[in-house]
Amino acid sequence: IARFDHIAIALVRKICREHGVNCVLSSVWRKQYTALQMSEAFDLPIQDTTRIRYSGETRGHEIQEWLDKHPEVEEYAILDDDNDMLDHQKERLVQTCPLDGFRYNDYIKLKQVLKIKEKK
């Protein structure tokens, strides 16, 4: 947990709380921790994890498989420092810097992808 930027986590938490957004974990962290453990550690509504991919599959395939099993999900964003998404997912990708992580500009883009309007 100390490795994570607590301000960045707070920005994601703000979007989740103010707009009813839930998270699905597709990062390598799901190999070590359950969705519940990550949810409690970050105080985020992490409801599930994607399946761990098989050789030759991309993260985009994992996400698509999860989405196919959850047709009730109409809007989503992908927050990742990698870009191995399927072509139709790229417009929903908020790609963060592997070194800097999630920053304020990413927060703004995440809100745009989720169609969240700024309050005036």
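Collect the residues in segment 98-109 that are open to solvent by less than 50 Å² (accessible area, probe 1.4 Å) and outside any loop (DSSP other than H, G, I, E, B), keeping them in residue-number order. Result: 101, 106, 107, 108. Those strands (runs of 3 or more DSSP E) of segment 1-84 in which 3 or more residues are open to solvent by 30 Å² or more (accessible area, probe 1.4 Å) and in contact (Cβ under 8 Å) with a residue 24 or more places away in the chain occupy 46-49. Within segment 66-81, one or more residues are of a type in the set (D, E, K, R) and touching a helix residue (DSSP H, G or I) at 6+ places or on another chain (Cβ under 7 Å).
Going by what's in this entry, would residue 92 be described as open to solvent by 80 Å² or more (accessible area, probe 1.4 Å) and in contact with a strand residue (DSSP E or B) (Cβ under 8 Å, 6 or more places away or on another chain)? Break it down stepwise before answering.
Values: open to solvent by 80 Å² or more (accessible area, probe 1.4 Å): no; in contact with a strand residue (DSSP E or B) (Cβ under 8 Å, 6 or more places away or on another chain): yes.
No, not satisfied.
The values are calculated or read from the model by the stated rules, or taken from the named source; none is laboratory data. Remember, predicted model here, so these are calculated numbers, not experimental data. Counting neighbours? That spans all protein chains shown, and the Cβs are built from the backbone with ideal geometry, glycine included. Side chains are part of the model used for accessible areas, which takes the heavy atoms of the whole protein and leaves out ligands, DNA and RNA. Shrake-Rupley method; radii C 1.70, N 1.55, O 1.52, S 1.80 Å.
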